[in-house]
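What follows is a set of notes on a single structure, which appears directly below.
The values are calculated or read from the model by the stated rules, or taken from the named source; none is laboratory data. Just so you know, these numbers come straight off a predicted model, no measurement behind them. Cβ: placed from backbone, ideal geometry, glycine included. Neighbour counts: every protein chain shown.
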Amino acid sequence: MNRRLYTIYKKLYCYFGPQNWWPADSPFEVMLGAILTQNTNWHNVERAIHNLKKEKLLSVSKLAKVSQGKLACLIKPTGYYNIKAKRLNSFLKFFLKNYQGSIKKISSEHTPQLRRKLLSVNGIGQETADSILLYALNKPVFVIDAYTKRIFYRHHFIDGNAEYENIQALFMQHLKKNNKLFNEYHALLVRLGKEFCLKNNPRCSICPLK
């Protein structure tokens, strides 16, 4: 299994090259992006982040003081903005209460324990929690998303009813636990899903994994 997984990685890396993901100026910006990207595309998240930067609000202390109404307006491009404003507020309170808004402190938390804490925050599910762990905090946790599920289902690694934990275990148990590898691998799968392994009318005949 590990040979098959590494073969897929090498093919994608050779085809697409390094993805340099997650595009952000700070770990905190990655955290915000991980929450905002729920149910929307990255272009919309970029617009919302731009709004926050324009208001000079990309710090935990400043953003925590913003009213929920104003925050909702600023992140409106991402859709479901009232819900996401509540989720951001829940995360900010969690981050300040438990880690005083310090990236150093939250990074020092033992990964399994931190993951459990993140999942206890309103609006943070497994994919969002793992995105924060991997992309913001450089923890070796493999992120599973719709692209990953679709690709590995179509290539007969998993069945259509596979749970998040089972798909994640496929990578965690057969790849070297390395945050850089997990980062690049997941980013490459997202690229493949967006450009070739489409939900409808997939471009199988020219897929890099053909």
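Residue-wise test of (1) under 15 Å from the mean Cα position of the chain (by Cα); (2) without any contact (Cβ under 8 Å) to a residue 60 or more places away in the chain.
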{"position": "Ala146", "(1), (2)": "yes, yes"}
{"position": "Ile151", "(1), (2)": "no, yes"}
{"position": "Glu163", "(1), (2)": "no, yes"}
{"position": "Leu170", "(1), (2)": "no, no"}
{"position": "Phe182", "(1), (2)": "yes, yes"}
{"position": "Ala187", "(1), (2)": "yes, no"}
{"position": "Leu192", "(1), (2)": "no, no"}
{"position": "Lys199", "(1), (2)": "no, yes"}
{"position": "Ser205", "(1), (2)": "no, yes"}
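Are there any pairs, at least 6 apart or on different chains, whose C-beta atoms fall under 8 Å, with the first in segment 109-126 and part of a helix (DSSP H, G or I) and the second crowded, with 16+ Cβ neighbours inside 10 Å and among the basic types (Lys, Arg), and if so, which?
Listed pairs, sorted by first residue: Thr111/Lys139; Leu114/Lys139.
Given the conditions (1) surrounded by 17 or more Cβ atoms within 10 Å (Cβ to Cβ); (2) over 19 Å from Asp25 (Cα atoms), which single one is not true for Leu119?
So the condition that Leu119 fails would be (1).
For segment 34-68, name all the residues that are touching a residue at least 60 places away in the same chain (Cβ under 8 Å) and not β-branched (Val, Ile, Thr).
Ala34, Gln38
Leu114 versus (1) buried (at least 17 other Cβ atoms within 10 Å of the Cβ); (2) of a type in the set (A, V, I, L, M, F, W, C); (3) not assigned by TED's automatic domain parsing to the domain that holds Ile132: which is the lone unmet condition?
So the condition that Leu114 fails would be (3).
Show me the helices (runs of 4 or more DSSP H) found entirely inside segment 1-99 where at least 1 residues are closer than 27 Å to Ser120 by Cβ.
27-36, 42-54, 60-64, 68-74, 81-99
Please verify whether Ile8 is on the phi < 0 side of the Ramachandran plot and within 12 Å of the chain's Cα centre (by Cα), treating the condition exactly as stated.
no
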